[in-house]
Amino acid sequence: MKNPPRLYTLRAGSGTLGGALLGIGALVAGCVAAYAMWTLVQSPTPGTEDSESHEVNPLELQGIAATETIEEILGAVQVYVRNEQFGQATTVLEHAARQYPGDQELHLALGDLYMLQKMYDDAYGQYVAGIEIGPSTAEAEFTAGTLANMLDRLELSQAHYVASMRLDPKNPDTPIYLAAIQIKMNRLTDAKKNLAVAGLMAPERSQIYAMRSEIAMRENNLVIALEQIHKAIDINPREIAWVLQEARVLKRSGKAEDAINLLASLTDEELEQPEAAYILADCYGMLGRPGDAASRLMDVAQRKPQDARLAFDIALWLERADERSAAIEWAHKAIALGHERAEAWIESLPEP
């Protein structure tokens, strides 16, 4: 039988680093799903020229293992995925994986299909099964590490990235992602070692310097933190995450006015991102302008009206601005949205 087409995997570096903690260490779920879609449909499958007009009925799959090769099964799955018939594709692959429990390709393809449907726990299980069947590959270990990270299983994620790095020591993405996990675990010495490895292979990667900045800030070495984030910005000046990191370093250094001026370079849409708004609010607070802090968070609340934490934080800033009635109003919004501390906070307020 011919080797089946490779339908997996989320390869190193295919996702986007962004979000909290510089976004490092977490792949955006949408990128994962998009890449899973690509891996499931990108390989041409011999013998499927007529498959577009012939649909496999999942209810007739009882004998599929006896009548169709794995290659044909995967070809049928590709057709379903191209047509966005994910339920049928899942039924086919789940049945095939039960019929051929020792076939690595089926488990990895099923893992990709689960990723596409944001079923990350199930996807991780399939990747682990595929890796255990063997042979292990750097790509499969990298994907398993990424999924484990998304599930907040950091020890497992680290182990998979280490395995991926051992299998392909020349790929700079792996030590970058491994370092990101280690930063999340506060294993800063290990993270610095892996960033050094990545820096030797890919000194043009701005993430390396941004992550070094994060480490330096955690170690309270703000001069180095600022130096490293400037290197990242020199490489990629329009990366919002790097601008926000510089603003955090400036705020931490007590340079609130400089941080505000820096963030003024962002667009209105970028400034309405919660992370940017919170940095600005803190800076306004440092300058004794709690009303401006509340106003900045209110701008974000218009786009995120169901955010209980945001509503409560607005209440806190309004109280500091001596706007008691407005503060209580926002606190009641936070209570309605399920905030755990808002009601007790109202009760704790002193009599006017």
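Values in this text are rule-based calculations from the coordinates and carry no lab data. Predicted model only: the values in this text are computed from it and were never measured. Note that each Cβ is placed from the backbone with ideal geometry, even for glycine, and that neighbours are counted across all protein chains shown.
In table form, for the structure just shown:
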| read-out | value |
| --- | --- |
| Under 11 Å, Cβ to Cβ, from residue 303 - net charge with Lys/Arg +1 and Asp/Glu -1 | -3 |
| Efficiency of FRET from Cβ geometry, residue 69 and residue 117, R₀ 22 Å, rounded to 0.05 | 0.30 |
| Once the Cα gyration tensor of the stretch 127-177 is diagonalised, semi-axes √(5λ) in Å | 15, 15, 7 |
| Contour excess over end-to-end distance, with Cα ends at residue 329 and residue 348 and 0.36 nm allotted per residue | 5.3 nm |
| Label-to-label distance, nm, for residues given as residue 253 and residue 221 (7 Å Cα→Cβ offset) | 1.6 nm |
| Cα gyration tensor, the stretch 237-310 - rounded (a/c under 1.5), prolate or oblate | oblate |
| The stretch 229-342 - percent relative contact order, Cα under 8 Å, separation 6 or more | 16 percent |
| Mean projected area (nm²) of the alpha-carbon convex hull when the stretch 277-329 is viewed from all directions | 3.1 nm² |
